[in-house]
1. Would you pick out the residues in region 149-170 that are open to solvent by less than 10 Å² (accessible area, probe 1.4 Å) and out of contact with any helix residue (DSSP H, G or I) (no Cβ under 9 Å at 6 or more places or on another chain)?
2. Any idea which of (1) open to solvent by 40 Å² or more (accessible area, probe 1.4 Å); (2) in contact (Cβ under 8 Å) with a residue 40 or more places away in the chain is the one Lys455 doesn't satisfy?
3. Yes or no: Val115 crowded, with 24+ Cβ neighbours inside 10 Å and either closer than 17 Å to Gly25 by Cβ or over 23 Å from the mean Cα position of the chain (by Cα) (or both)?
4. Here are Arg102, Arg93, Arg76, Arg83: which of them is modelled with pLDDT of 95 or more, touching a Leu at 6+ places or on another chain (Cβ under 7 Å) and open to solvent by 40 Å² or more (accessible area, probe 1.4 Å)?
5. Report the residue count in region 180-214 for those that are surrounded by 19 or more Cβ atoms within 10 Å (Cβ to Cβ) and touching a helix residue (DSSP H, G or I) at 6+ places or on another chain (Cβ under 7 Å).
6. Is it true that Lys253 is open to solvent by 80 Å² or more (accessible area, probe 1.4 Å), touching a helix residue (DSSP H, G or I) at 6+ places or on another chain (Cβ under 7 Å) and closer than 23 Å to Arg346 by Cα?
7. Out of region 19-68, which residues are under 14 Å from the mean Cα position of the chain (by Cα) and open to solvent by 10 Å² or more (accessible area, probe 1.4 Å)?
Amino acid sequence: MNWIEGKKCDAAAAAEMIQDGDILGVSGFTLAGYPKAVPLALAARAEKLHAAGEKFQVTLYAGASTGDSCDGALARAGALKLRMPYQSNPSLRKGINDGSIRYIDAHLGKMGYLVRTGTIPAPTVAVIEVSAILPDGRVCLSTSGGNSVCYLEMAPKIILELNTRLGDSCIGMHDDALPELPPHARPLPVYSAGDRVGNDFVKIDTNKVIAIVENDGFDEVTPFVQPDEVSKNIGERILDFIRFEESHGRLPKGMAYQSGVGKVANAVLCAMADDDRLGRIDLFTEVIQEAVLPLLKKGKLGVASGTALTLSQAAQQEFVQNASEWKKHFVLRQQEVSNSPDVIRRVGVISMNTALEADIFGNVNSSLVCGSAMMNGIGGAADFARNCALGFFLTPSVAKGGAISSIVPYVSHVDHTEHDTQIFVTEQGLADLRGLSTEERARLIIKNCVHPDFKDEMTEFLEYGLRHAKGQHLPLPLDRAFEMHLRFLATGNMKK
């Protein structure tokens, strides 16, 4: 009997090997490639222990968000003490916002570095979903790279979840390379989306493996929804602007694209697939979303490089069926590489990310509702926004049926300062902020991006600031900065 057979057990037995106070480093990035069986079993164990009056909580590190069978189940079971660096689960969000779960919101590109340098404690147990395990101790990751290689290296104990549904569909897609640690770290020789610098399989220490659990689950990804008219409008504005910049020699052709998460970002990719004037494109991104598949099917996709392949269940099945042909178009990297500032700058990336809210001075809030309630987190947007060749922040101009303006006088929380933002786009229009002073930026955003229902109030706020603010460089009147937010909290509507 080889070492693999000797380590196999069911999820409940594996969960018994995890102790109160352990730090779990799990695979998974934005609902792709996370363990599904062991977290569910661990949640059930925690509930039994709590019912018996015993204490049981763990810390959970991942790459980004995981599915409900991991983040959600553990949150509802009261099994989470601390979570980082990103999440998107309603149950986990509730625990974060009511204070029962501690949360550290971190740049995704820095998480692995923090662990590898000992800045934060290393995982005590790595729980990693894989698609293949070889007798020589090599494993192939599943549908995400995330921080899996870091956690496999740093944790003294390893639990592997073998997803039997995937077969060999993921073999050939991965690149396990990690950046060297400073000082004097040599740059990774990644110059384009398709460059590979590491190995497809990850070599692990088999002596650290304490359990191998089989699962055949799907990543719990919301079914793909075709973009609405607002999202299509935003996508078309971005492509028109890119073509304009290329035609005037201000943007080299052949740049790779990065697209954030959500329907607006998906709409840009859909617009690319439908645009007959657009040739083959490469993606250098973090999350490869389902909207990439139309590009692939129409022969417009060169290489999509990312750290997660996030597909609905139907698309996951389709990918497995067509993997032998399709996977040559994909590279799944560790997120320390997909989100690496020097790699992003070297490749040359056109970046497109969604804003929760933005203000007339150019600041963006990605994470907190009304300044204090966590939505999901900053994610990897800043990794790209600061280091891209050309950067867009996208949002519909209004939300909640028009009760909320997505452009406000001043954001309630700053994730991306005006120093890191370049172009704002709503369905109302596009504002290219490059080379503009603060007042010029504000007037252009109000003119081109703000919904008509809020233009007058935004203009009046700016004029008031120019008259009453302490300085004219940033005409921000502190006494009125959050009037719209306070009105919303009191009435449920930002409108006067």
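1. Asn163
2. That leaves (2) as the condition not met.
3. no
4. Values: Arg93 fails: touching a Leu at 6+ places or on another chain (Cβ under 7 Å); Arg76 fails: touching a Leu at 6+ places or on another chain (Cβ under 7 Å); Arg83 fails: open to solvent by 40 Å² or more (accessible area, probe 1.4 Å).
Being modelled with pLDDT of 95 or more, touching a Leu at 6+ places or on another chain (Cβ under 7 Å) and open to solvent by 40 Å² or more (accessible area, probe 1.4 Å) holds for just one of Arg102, Arg93, Arg76, Arg83, which is Arg102.
5. 9
6. Numbers: open to solvent by 80 Å² or more (accessible area, probe 1.4 Å): yes; touching a helix residue (DSSP H, G or I) at 6+ places or on another chain (Cβ under 7 Å): yes; closer than 23 Å to Arg346 by Cα: yes.
Judged against the criteria, Lys253 is a match.
7. Matches in region 19-68: Thr30, Leu31.
Residues checked against (1) charged (D, E, K, R); (2) under 14 Å from Gly67 (Cβ atoms):
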position	(1), (2)
Asn2	no, no
Glu5	yes, no
Ala13	no, no
Thr30	no, yes
Gly33	no, yes
Leu40	no, yes
Glu47	yes, no
Ala51	no, no
Lys55	yes, no
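The values are calculated or read from the model by the stated rules, or taken from the named source; none is laboratory data. Source: prediction; values computed, not measured. Heads up, the Cβs are rebuilt from the backbone with ideal geometry, glycines too, and the neighbour counts pull from every protein chain shown. Just the protein is used for accessible areas: all its heavy atoms, side chains included, with ligands, DNA and RNA removed. Shrake-Rupley method; radii C 1.70, N 1.55, O 1.52, S 1.80 Å.
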